[in-house]
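Inspection log for the structure reproduced underneath, given as structure tokens.
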Amino acid sequence: MTGLGALPPLNRFAGTLAQRTYASLKQGILSLVLKPGEVVRKPEICEQLGVSRSPVTEALTRLAGEGLVDIIPQAGTFVTRFSLDEIREGAFLREALELAAVEFLAGQITDQQLVQLRRNLRIQEALISEGDFAGFYEMDRQMHDMMLSFTGFKRLRTMAETSWVHVDRARQLILPEPGRVQATLEEHKAIFAALEARDPDAAREATRHHLRQLLTVLEPIMREQPDLFV
């Protein structure tokens, strides 16, 4: 392996030192700065983040509990490789939650909530024109978070995030695929149009189509890059 990629700085996150170290490492894993199968070396992390071994150890233990790293005694700590079974399960759970959410939301969405979603879409368009895939990915995440939070159900976002963690990481593989970012934007616009029309059935169908594109695009990548997968 080459050297450790650039992790997000701790000042981007809130909380204790251990919490911020965890957040930085998790973001590094989800964004593929730390790649599937890569060795995680504590001294390099300590040096880059400017922390002692203690918060790094605590963060890695927490990430191991989430299935994002494998801690193997006498061998080391490794970023977990993708598991297509886990990705399929996560996608199934997220789809069940999000379809129910958009169907519910379509019947009660407010004009102000539509304004917020429309602004998000305009930023997505701008980021695509600038070739900023990382920025687009963040606005994509925010759009889905907004739709879930607009339902008013406080635990929904946490449940979705927990089920989506392995899928979230895998999505990073498909956004650079030719045409995929633009296609994703068009899918987002279709969801928005259905919500704006207050049409629950159309909202469900547009969201189902959008979420199911992941596995359609991901399975060929698995054949092309088998070293990233279990």
Roughly how many nanometres apart are two label points built 7 Å out from the Cα toward the Cβ at K35 and Q182?
2.8 nm
Relative contact order of the chain, pairs being alpha-carbon contacts under 8 Å that are 6 or more residues apart, as %:
23 percent
Quickly work out the S129-to-M146 label distance, labels modelled 7 Å from Cα along the C-beta direction, and quote it in nm with one decimal.
1.8 nm
Subtract the Cα-Cα distance of S54 and E138 from 0.36 nm times their separation in residues, and report this length gain in nm to one decimal.
27.2 nm
Expected 222 nm ellipticity per residue - DSSP helices of 4 or more, -39500 (n - 2.57), all of the chain, to 500
-22500 deg cm²/dmol
GluC sites (Glu not before Pro) restricted to the stretch 41-74 and DSSP loop, no more than 14 other C-beta within 10 Å
E66
Cα-only Debye scattering, the chain: base-10 log of I(q)/I(0) at q = 0.08, 0.10, 0.16 Å⁻¹
-0.32, -0.50, -1.19
Consider all pairwise Cα distances in the stretch 112-230 and report the whole-number % of them above 21 Å.
41 percent
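Every number here is computed from the coordinates shown, using simple stated rules; none is lab data. From a predicted model like this one, the values you see are computed outputs, not experimental measurements. Please note: Cβ atoms are built from the backbone with ideal geometry, for glycine as well, and neighbour counts cover all protein chains shown.
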